[in-house]
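K.L.:
Attaching a single structure in structure tokens format; questions to follow.
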Amino acid sequence: MINLYTSNNLEYLAKQLGENLYQKKKNILSPSTVIVQSLGMQRWISLKLAQQFGVFLNCRFPFPENFAQEIFKAVIPDYELSPLYTNKALVWLIGSLLPQCLDEKPFEPVKQYLVVDGTISQVRLYQLAHRLAYMYDEYSVYFYRDILQWEKEPSNAWQVLLWRYIKNNISTDSKICHKAQLIEHVIKPLNDPKNTKVLKEKLADEVFLFGITVLPEYYITLFNAVSSIVPVHIFQLNPSKEYWFDIRSEKAILRIQRTIKAKNININDLHFEPGNPLLASLGKVGQEYIGLLLDYNAYDTITDEGQYTIRNSSTLLAHIQNDILHCIERGNGKHEKMAISPDDNSITIHSCHSPLREIEVLRDYIINILNTTAIVPNDIVVMAPDIDVYAPFIKAVFDEQVLHREGLPVLPYAIADQSYKNTSRFISAFSDVLEVLAGRLEADKVCELLDYEEITQRFGIEKHYVMAFHQWVEELNVR
């Protein structure tokens with residue numbers, strides 16, 4: 001049984017998770033399993049549960065892929081996921097197989113691309129192999145049914161033929177699998193009532209999924225099968241309590257209209273609902289994911305216990321949140337526009353000329369919020385499309401010594417979801433060395449290597465030599 005808890009309030013979902021963990025814990029010595037999608041969410045939910053209980057421990061937070069591997073090992077231990085199916089390994093295998101296939105008729109388009117002046121371009125071969133490896137790896141999860149169909153039905157498409165060559169080259173043993181085969185093999189024993197007692201001893205008492213933005217059908221199918229053995233609880237943030245999975249943005253409707261115009265179909269016969277335009281344009285990924293979860297409701301495998309919060313405020317942000325909650329659009333004749341106070345600053349936009357300036361403005365804005373409201377640092381979350389771009393500026397601007405020097409209060413902070421390169425100077429230095437060796441030995445890149453103390457200490461290069469080297473490069477105009 002899958003229990004789906006939905007709300008537009010993440011703190012409410014955290015409270016519900018805590019109550020479920022407390023009430024349904026069968027064995028206090030066995031760790032609870034809460035599946036999350038990022039380290040940031042793991043840290044946030046750990047703090048919330050610690051506040052709720054006073055102390056919180058004995059809980060593990062695997063990612064969906066790691067938990068799936070645990071299920072495969074517990075249920076089908078005889079089947080093994082070959083490491084050669086990862087995209088990094090597939091690059092080299094595809095690079096070796098493609099030249100052998102170019103004389104086959106289906107591979108004629110590939111041959112036209114790879115062969116330059118009578119010889120195979122190694123650069124193009126690597127680039128194509130790299131792209132294909134990535135796509136095959138993605139397909140084995142996001143389109144796993146297609147991958148399985150490729151192996152069963154005849155086809156002359158070169159992509160399908162290449163996949164079959166890859167599979168035969170890796171292993172002809174049916175126990176050596178790729179991801180799509182694993183999900184196919186694991187479903188049958190999970191759904192077999194004869195295995196329930198044995199598998200209950202191998203799996204966690206209960207499984208909780210919290211704050212996951214999107215999951216491919218691959219994992220939803222797996223969790224649905226696991227729910228026949230142990231209860232699975234999904235705590236899902238849903239911005240609207242209405243059924244908003246058929247709404248389309250204006251651009252999407254125009255795109256569909258152009259497509260069906262040639263087929264002599266009236267767009268009005270499709271009954272597309274515009275709903276809330278912000279939700280329709282920015283919520284497409286969540287729309288597909290939550291809609292996929294609700295599709296299982298047709299089989300009575302999901303219990304939806306929704307609890308939604310209406311914002312009791314007259315601010316612009318509160319009005320937008322409530323309009324999204326009710327999936328309405330203001331100013332379209334049905335719902336009048338709301339008057340907003342000129343002093344309303346619930347949503348502000350700052351135009352900055354660089355990432356450094358963005359962080360400086362952010363710091364001043366946070367200090368102002370802390371001084372004028374009851375908000376504390378623990379209540380503030382800052383999001384960025386690529387945190388690695390901003391990480392060095394955050395460390396510089398929010399540095400304790402810098403804040404003391406400028407007479408500003410110290411702001412506690414933590415940066416989550418960074419790449420490994422930015423979490424360790426040693427890893428960063430090693431990565432930069434590899435990039436320099438693979439590049440054209442640009443002067444600025446080589447000079448950056450000398451800024452690492454780990455490198456200068458290893459080779460006994462003193463600071464004044466580093467400064468002299470930088471000066472020589474600049475004076476000689478070395479590029």
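The values are calculated or read from the model by the stated rules, or taken from the named source; none is laboratory data. As the structure is a prediction and not an experimental result, all values here were calculated from the model. Neighbour counts are summed over all protein chains in view; Cβ atoms, including those assigned to glycine, are modelled from backbone coordinates with ideal geometry.
K.L.:
Quick check on the stretch 23-75: of everything there that is hydroxyl-bearing (Ser, Thr, Tyr) and over 23 Å from ASN195 (Cα atoms), which residue is modelled with the highest pLDDT?
P.N.:
Out of the qualifying residues, it is SER46.
K.L.:
Give just the number: which of (1) hydrophobic (A, V, I, L, M, F, W, C); (2) touching a residue at least 60 places away in the same chain (Cβ under 8 Å); (3) outside the structural domain of ASP137 (by TED's automatic domain parsing) does VAL198 not satisfy?
P.N.:
(2)
K.L.:
Additional query: Could you tell me whether the stretch 405-417 includes any residue that is among the acidic types (Asp, Glu) and under 25 Å from ARG363 (Cα atoms)?
P.N.:
So far as the stretch 405-417 goes, yes, one or more of its residues are among the acidic types (Asp, Glu) and under 25 Å from ARG363 (Cα atoms).
K.L.:
List every residue pair whose Cβ atoms sit under 7 Å apart, with the two residues 6 or more apart in sequence or on different chains, where the first one lies in the stretch 362-391 and is farther than 18 Å from SER346 by Cβ and the second, anywhere, is part of a helix (DSSP H, G or I) and β-branched (Val, Ile, Thr).
P.N.:
As it stands, the answer is ARG363/VAL397; TYR390/ILE359, since those pairs meet every condition given.
K.L.:
If you go through the stretch 73-88 one residue at a time, how many are part of a helix (DSSP H, G or I) and either within 22 Å of the chain's Cα centre (by Cα) or not small (Gly, Ala, Ser) (or both)?
P.N.:
Residues flagged as part of a helix (DSSP H, G or I) and either within 22 Å of the chain's Cα centre (by Cα) or not small (Gly, Ala, Ser) (or both) within the stretch 73-88 amount to 7.
K.L.:
Taking the stretch 454-479 as the region of interest, how many residues are without any contact (Cβ under 8 Å) to a residue 12 or more places away in the chain and either hydrophobic (A, V, I, L, M, F, W, C) or under 22 Å from PHE426 (Cβ atoms) (or both)?
P.N.:
Number satisfying all stated conditions: 13.
K.L.:
Can you find a residue in the stretch 149-165 that is outside any strand (DSSP E or B), in contact (Cβ under 8 Å) with a residue 40 or more places away in the chain and loosely packed, with under 15 Cβ neighbours inside 10 Å?
P.N.:
Checked against the condition, which is being outside any strand (DSSP E or B), in contact (Cβ under 8 Å) with a residue 40 or more places away in the chain and loosely packed, with under 15 Cβ neighbours inside 10 Å, the stretch 149-165 yields at least one hit.
K.L.:
Do we have any residue at all in the stretch 252-274 that's under 29 Å from GLU11 (Cα atoms), outside any strand (DSSP E or B) and at pLDDT 65 or above?
P.N.:
No, the stretch 252-274 has no match at all.
K.L.:
Kindly provide the set of residues from the stretch 314-335 that are under 24 Å from ILE366 (Cβ atoms), polar (S, T, N, Q) and part of a helix (DSSP H, G or I), ordered by number.
P.N.:
GLN321
K.L.:
Does the stretch 100-113 contain at least one residue that is touching an Asp or Glu at 6+ places or on another chain (Cβ under 9 Å) and not in a helix (DSSP H, G or I)?
P.N.:
Yes, the stretch 100-113 has at least one match.
K.L.:
Can you find a residue that is more than 17 Å from LEU237 (Cα to Cα), in a loop (DSSP other than H, G, I, E, B) and touching a Leu at 6+ places or on another chain (Cβ under 6 Å) anywhere in the stretch 55-66?
P.N.:
yes
K.L.:
Just give me the residues in the stretch 90-104 being under 18 Å from SER155 (Cα atoms) and either in contact (Cβ under 8 Å) with a residue 24 or more places away in the chain or buried (at least 17 other Cβ atoms within 10 Å of the Cβ) (or both), in sequence order.
P.N.:
LEU98, CYS101, GLU104, listed by residue number.
K.L.:
Run down GLN51, GLN37, GLN42 and say which single residue is free of Cβ contacts under 8 Å to residues at least 12 places away in the same chain and under 24 Å from ILE380 (Cβ atoms).
P.N.:
Exactly one of GLN51, GLN37, GLN42 is free of Cβ contacts under 8 Å to residues at least 12 places away in the same chain and under 24 Å from ILE380 (Cβ atoms), namely GLN51.
K.L.:
Does PHE426 satisfy the condition of being of a type in the set (Phe, Trp, Tyr), surrounded by 12 or more Cβ atoms within 10 Å (Cβ to Cβ) and in the same structural domain as THR456 (by TED's automatic domain parsing)?
P.N.:
no
K.L.:
Within the stretch 436-475, work out how many residues are loosely packed, with under 12 Cβ neighbours inside 10 Å and closer than 30 Å to VAL123 by Cα.
P.N.:
The total comes to 6.
K.L.:
Restricting to helices (runs of 4 or more DSSP H) lying wholly in the stretch 336-438: which have 3 or more residues that are under 27 Å from the mean Cα position of the chain (by Cα) and not polar (S, T, N, Q)?
P.N.:
Helices (runs of 4 or more DSSP H) meeting the threshold: 355-372, 387-397, 425-438.
K.L.:
What about ILE415, is it surrounded by 12 or more Cβ atoms within 10 Å (Cβ to Cβ) and at pLDDT 85 or above?
P.N.:
yes
K.L.:
Something else about it: Among helices (runs of 4 or more DSSP H) lying entirely in the stretch 176-241, which contain 1 or more residues that are crowded, with 19+ Cβ neighbours inside 10 Å, at pLDDT 85 or above and among the β-branched types (Val, Ile, Thr)?
P.N.:
Here the list reads 179-191, 217-226.
K.L.:
Test VAL410 against the criterion of being within 21 Å of GLY40 (Cα to Cα), aliphatic (A, V, I, L, M), touching a Leu at 6+ places or on another chain (Cβ under 9 Å) and outside the structural domain of SER46 (by TED's automatic domain parsing), and give yes or no.
P.N.:
So VAL410 fails the test.
K.L.:
Failed condition for GLU70, given (1) part of a helix (DSSP H, G or I); (2) more than 24 Å from GLY211 (Cβ to Cβ), with all others met?
P.N.:
Unmet for GLU70, out of (1) part of a helix (DSSP H, G or I); (2) more than 24 Å from GLY211 (Cβ to Cβ): (2).
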